[in-house]
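Here's the structure we're looking at; comments come further down.
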Amino acid sequence: MSNKYISASEINQYLYCPYQWYYEKKYGHKYINELREKSGVKSELSNFKKGIEYHEKYYKDIVRLKYKKIAIAILIIAALVAIGIELLK
């Protein structure tokens with residue numbers, strides 16, 4: 001942690017996951033990527049693997065939520081169009 005200043009993107013990263021921010025600040029991005037690529041779970045990496053799994057699940061949940069919002073918006077628009085067509089008859 002040589003740099004005593006924190007950028008706006010680092011604040012955003014910290015708000016997303018303080019652990020991720022800390023480990024990247026302490027060990028560097030290159031080391032973190034090397035840990036991601038290692039196969040097999042060692043005891044010292046088990047928490048890191050759990051963190052990766054958590055973030056992957058979190059991302060998938062966000063993507064699912066986005067598609068649900070799009071589907072609901074399409075249904076509402078279709079319902080409004082159907083109501084509009086009925087009113088024009």
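Taken together, the values in this text are just the output of simple stated rules run on the coordinates, not laboratory data. No experiment lies behind these values; they were computed from the predicted model shown.
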Extension gain (nm, one decimal) between Tyr59 and Ala73, 0.36 nm per residue minus Cα-Cα: 2.9 nm
Cross-link partners of Lys49 among lysines (Cα-Cα below 28 Å; sequence separation of 8 or more within a chain): Lys25, Lys26, Lys30, Lys38, Lys57, Lys60, Lys66
Value of [θ]222 nm, deg cm²/dmol, for the chain, DSSP H segments ≥ 4, -39500 (n - 2.57) each, nearest 500: -27000 deg cm²/dmol
Kyte-Doolittle mean at least 0.0, axial Cα span of 15 Å or more - DSSP H helices of the chain: 46-88
Theoretical gain in end-to-end length, Leu15 to Lys30 [0.36 nm per residue, Cα-Cα removed]: 3.3 nm
Candidates Glu37, Glu24, Glu56, ranked by Gaussian network fluctuation over the chain, Cα under 10 Å, top entry: Glu37
Whole-number D in µm² s⁻¹ for the chain, Kirkwood Cα-pair radius fed into Stokes-Einstein, 20 °C, 1.002 mPa s: 127
